[in-house]
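Below: one structure, written as structure tokens.
The values are calculated or read from the model by the stated rules, or taken from the named source; none is laboratory data. Remember, it's a predicted structure, so these values are computed and weren't measured experimentally. All Cβ positions, even for glycine, are placed from backbone atoms using ideal geometry, and neighbour counts span all protein chains on display. Surface areas here come from the heavy atoms of the whole protein model, side chains and all, with no ligands, DNA or RNA. Shrake-Rupley method; radii C 1.70, N 1.55, O 1.52, S 1.80 Å.
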Amino acid sequence: MAGVAGGGGGGGSNDFQWCFSQVKGAIDEDVAEVLKHLDLLYTLQRYFISVLFTADIISTVEFNYSGDLLATGDKGGRVVIFQREQENKSRPHSRGEYNVYSTFQSHEPEFDYLKSLEIEEKINKIRWLPQQNAAHFLLSTNDKTIKLWKISERDKRAEGYNLKDEDGRLRDPFRITALRVPILKPMDLMVEASPRRIFANAHTYHINSISVNSDHETYLSADDLRINLWHLEITDRSFNIVDIKPANMEELTEVITAAEFHPHHCNVFVYSSSKGTIRLCDMRSSALCDRHSKFFEEPEDPSSRSFFSEIISSISDVKFSHSGRYMMTRDYLSVKVWDLNMENRPVETYQVHEYLRSKLCSLYENDCIFDKFECCWNGSDSAIMTGSYNNFFRMFDRNTRRDITLEASRESSKPRAILKPRKVCTGGKRKKDEISVDSLDFNKKILHTAWHPMENIIAVAATNNLYIFQDKIN
């Protein structure tokens, strides 16, 4: 069966198959095998496994602008950057794999003594800056603090200093009889990650979004009630551009869930709310953008109103298309595509896992109904991708309106193995290749995905594993 996607950078047929490329991360069974040989009770073994893997759970995935670098952040505050290797000329049909390029600790756990609150180190978002020179820059944020990191290479070192020996000891100035010109000598490649800016103390509530502006000089950060505008060179001052905090917190009815700058117009940004609405703001109209320029909302069908309606309508992610003409929003059960010129309803609606509507009560009891799924566009805006449960992820072709469900699993992790479409049986007699709704594992969920900006290569975060898939080359 043909896969669903659009050419990452151009036209051609949309019919092709996805195949496995790589998987990064530890295997649960490997650690379990080690602990099995320790003299521990079973409950202690499971506890140690949960502790070991909690810090490794991937919390964000992001390709850079060229797609040659792929960054992940995890709950332990670490950032791991993968670099795409050069293609092998002796194997023209092989594609460059992504291998670890740099790993560094971005954030540490902190404690707010004034509020008696722990600030966890989990990386909420990573955003790359466009490359201007040999170095790469990215923004990473936890709940409170945003950091600008510089990732650079060093393959030469200076030798032949006048005032110190090769081992670093200072030389006696009176014994220096001639001046030496230091020379650069080759050394093993070192990749260094250094924090260039730290943007702190500007958010009272948890940061959920950061977005780099198209002017490449400013970016926004959003928490539950406010959005701030920063200059990349200024760390001690930001401008509050949205503030929805009511004078009396008991009157609070909605919170900000996501925000993003327009990809081409540096004065335009959008933010979504827990009420399922999206507001588009123009910074030219006023310094404080409390009055939106456009308001996107789909009227609710009164007949489908239920106790869970407000929860499942909350928007967990909003993304502009690369063209800037459309934006995509993800709520609990669906993905919607909006035309910026039409506010009263979305132009496209895709059901991600409608079969869960009958399970909302149990999903509410186990808190899964509050999971925040992200979504992403392919390079040509012709296809979209988002995650689901049981390590399933969904793709929708906007041209043909076809969709496909695929699974990120180590069982199909043989090199170049073609991914088989998965189907969920909602009732009646279950077919051989189908899985029952009651058999879905809600602990296995794909919340974070990323699509290469120019090619059909996708990165899918499944708990503590990063899967990389690509289209099959004939």
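Here region 77-181 exposes an accessible surface that is 50 percent carbon and sulfur, computed with a 1.4 Å probe and the other protein chains kept in place. For Lys359, a cut-off of 19 angstrom between C-alpha atoms picks up these aspartates and glutamates, skipping any fewer than 8 places away in its own chain: Glu310, Asp331, Asp367, Asp371, Glu434, Asp438, Asp441.
The candidates Leu447, Leu114, Leu184, arranged from most to least accessible area with a 1.4 Å probe in the full protein assembly, appear as Leu114, Leu184, Leu447.
For region 322-378, the relative contact order comes to 32 percent (Cα pairs under 8 Å, sequence separation of at least 6). For a 4.7 Å threshold on C-beta separation, the list of partnerless cysteines in the chain reads Cys19, Cys266, Cys361, Cys368, Cys375, Cys376, Cys425. Rolling a 1.4 angstrom probe over the protein heavy atoms with all chains in place gives region 217-273 an accessible area of 44 Å² per residue. Solvent-accessible area per residue in region 355-412 equals 38 Å², computed with a 1.4 angstrom probe and all protein chains kept. When the surface is traced with a 1.4 Å probe over the full set of protein chains, Asp165 keeps roughly 60 Å² accessible.
Helices in the chain, meaning DSSP H runs of at least 4 residues, each add -39500 (n - 2.57). Divided by all residues, the mean residue ellipticity at 222 nm is -2000 deg cm²/dmol.
By how many degrees, between 0 and 90 and to the nearest 10, does the Cα long axis of helix 42-54 differ from the longest principal axis of the chain? For 42-54 against the chain, the angle is about 70 degrees. Nonpolar atom fraction for region 209-277, defined as the carbon and sulfur part of the 1.4 Å probe accessible area, stands at 48 percent.
Taking each of Lys431/Lys472; Lys75/Lys472; Lys414/Lys472; Lys115/Lys445; Lys24/Lys431; Lys125/Lys372 in turn, the alpha-carbon distance tops 24 angstrom for Lys431/Lys472; Lys75/Lys472; Lys115/Lys445; Lys24/Lys431.
From most to least packed by mean Cβ count within 10 Å, the peptides 397-407, 262-272 give 262-272, 397-407.
The list (i) -0.44, -0.76; (ii) -0.27, -0.61; (iii) -0.31, -0.67 gives values of log10 I(q)/I(0) by the Debye sum over Cα atoms at q = 0.06, 0.09 Å⁻¹, and only one came from this structure; which label was calculated from it? Correct label is (iii). The fraction of accessible area contributed by carbon and sulfur in region 336-434 is 46 percent, rounded to a whole number (1.4 Å probe; ligands and nucleic acids excluded). Here the Karplus curve 6.51 cos²θ - 1.76 cosθ + 1.60, taken at θ = phi - 60°, turns the phi angles of region 130-144 into couplings of x, 6, 10, 8, 5, 7, 10, 10, 9, 9, 10, 9, 9, 5, 10 Hz, with x standing for Gly and Pro. The string of couplings for region 450-458 from the Karplus curve (6.51, -1.76, 1.60, θ = phi - 60°) is 8, 10, 3, x, 10, 10, 8, 10, 10 Hz, one whole number per residue in order, with x for Gly and Pro.
Ordering 96-104, 430-438 by mean Cβ neighbour count within 10 Å, with the highest value first, yields 96-104, 430-438.
3J(HN,Hα) along region 354-370, derived from phi through the Karplus expression 6.51 cos²θ - 1.76 cosθ + 1.60 where θ = phi - 60°, amounts to 4, 5, 7, 4, 7, 9, 4, 5, 5, 5, 6, 5, 9, 6, 5, 5, 9 Hz, with x in place of Gly and Pro.
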